[in-house]
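Read through the structure below, which is laid out as structure tokens, and then see the notes.
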């Protein structure tokens, strides 16, 4: 009896401690601390390590630019009263939790939809009336002049001081490197940052295919502009290529034209021809900065976004293998063990998760970039929801491609149809926790609800997931066709209807989130860079 009383008192104390814990610390606890480095670094020459040091310094300047774009007052966040608030502000690049857009610091309202790209008091009517075509550029800010009227300011003017520092670091790296294609890329990137014209540097990046090291830097993603979906955020990745794994991916690079032809949609919706210089590289990440390091951490990238470059040269899919591995073992696998019935849990495999991610990024380079009916680009036609539809396409079409390749026996033998689907559904549940405030989370919620409606999975008597693989594959094909059609026709009404119908967290998802929270399964990771 005495032992029972002590046990109950201990449990009560634990509950009291948890309930009284700083709410910001609770939010912070949802991010697993992960060391980011690579065994590949030891094989880099001293000359190469100096180049990487310059890359990191350039990345830190890109980080400073993103702070301005995201919030505008980095110094204010460094003066917050608690360690938890300061660390959480560094994760979110401001006083708002990116998972729900709500402030975790007193004195701030809801996160602005237009971040710091537009004046806070700007109306839609003012923006529409602004007679300057450059307002639609991804690389301009909208500001008020001394007369109070709106004006356009190019990034290279607004961030000139930071950009010149980046240029100096890149010039030093170009002087140090012994690889001509790297030097060419870095010099072209300097010109691009100073002019906000990225065409030549994008081509040079795709041509730089013989380096062990890589730097992605500049304004890429438009995720933070949730008002119009136009403005691109500064970010940077410092990467080391895994030569052995990259070589094993070469076969799938050659299949990209075949993938485009096999899309599950009308022939006229796959008229785009990807450039023949597309490639898939495997990397270990060394450093993230700016938009790449904010909130949820990406595990793969497909760039460039310029449709002209995609048509002429193609894209590069960059798989960040060390981060993929960390997320699988720290989040996806524990979630699967908690939620999926034992008989199907054996199909949750790291290899299948990797290939779903790989083909997800390949899928971003497929489909069409311009609508087939004269509505302009897909982004122009779909507006601020274009990114959500693109994220759905990547997720659902990626597993569709994985299933096609697995059926041909051209993947690791562990990647069966069942493994691809099980790992996809576990990944969708995991990513749905990101919430519908961000395009990635919203896209996964939509995928989950669509598959559930189509009978792709149900719950057994113990409340665990049971997957119907035939219905799941049919649903994956159906949703792939639907989003490809929306993009090709620029159908904003169909896009809005899809998001409205499936874009809310369902009761079963909410229960999964609560179960994962109780089990202490992280929502995502935060990085401790050891290089």
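Nothing in this text is a laboratory measurement; each read-out follows from the coordinates by a stated rule. From a predicted model like this one, the values you see are computed outputs, not experimental measurements. Every residue, glycine among them, receives a Cβ derived from its backbone with ideal geometry; neighbour counts consider all protein chains shown.
Worth a mention:
- Overall form of the chain per C-alpha gyration tensor (a/c, 1.5; a/b vs b/c): rounded
- Directionally averaged shadow of the range 70-227, computed from the convex hull of its alpha-carbon atoms, nm²: 11.9 nm²
- Peptides 307-319, 120-132, 440-452 ranked from most to least packed, by the mean per-residue count of other Cβ atoms within 10 Å: 440-452, 307-319, 120-132.
- Each part gets one Cα centre, and for the range 231-310 versus the range 432-498 those centres are 23 Å apart.
- Residue order, fewest to most surrounding Cβ atoms within 10 angstrom, among 502, 283: 502, 283
- Convex hull volume of the Cα atoms of the range 38-111, normalised per residue: 121 Å³.
- Extension gain (nm, one decimal) between residue 160 and residue 276, 0.36 nm per residue minus Cα-Cα: 38.2 nm
- Extent of the range 136-253 along its three principal axes (Cα atoms, max minus min coordinate, largest first): 58, 33, 20 Å.
- Counted over the chain, the DSSP beta bridges are approximately 70% antiparallel.
- Computed on the range 242-520, with alpha-carbon pairs under 8 angstrom and 6+ residues apart, the relative contact order is 19 percent.
- For residue 134 and residue 195, the difference between the fully extended length at 0.36 nm per residue and the C-alpha to C-alpha distance is 20.6 nm.
- Between residue 462 and residue 245, the modelled labels are 3.2 nm apart [label points 7 Å from Cα along Cα→Cβ].
- Förster radius 60 Å - calculated FRET efficiency between residue 41 and residue 506 (Cβ-Cβ, nearest 0.05): 0.85
- Pairs of Cα atoms nearer than 8 Å and 6+ residues apart set the relative contact order; for the chain it is 17 percent.
- Considering only the range 242-520, percent of DSSP beta bridges that pair antiparallel, nearest 5: 55 percent
- Projected label distance in nm at residue 147 and residue 496, using a 7 Å step from Cα toward the beta-carbon: 3.5 nm
- Cα gyration tensor shape for the range 179-327, rounded if a/c is under 1.5, else prolate or oblate: rounded
- The sum of -39500 (n - 2.57) across all DSSP H runs of n ≥ 4, divided by the residue count of the chain, sets its helix-only mean residue ellipticity at 222 nm to -15500 deg cm²/dmol.
- Packing, as the average of other Cβ atoms within 10 Å across residues, places the peptides 397-408, 141-152, 231-242 in the order 231-242, 397-408, 141-152, highest first.
- Each of 223, 161 was scored by other Cβ atoms within 10 Å of its Cβ. Arranged with the fewest first, they read 161, 223.
- Cα gyration tensor shape for the range 405-531, rounded if a/c is under 1.5, else prolate or oblate: rounded
- Sorting 271, 480 by the number of Cβ atoms found within 10 Å of their own Cβ, with the fewest placed first, yields 271, 480.
- In Å, descending, principal axis extents of the Cα set of the range 242-520: 52, 46, 40
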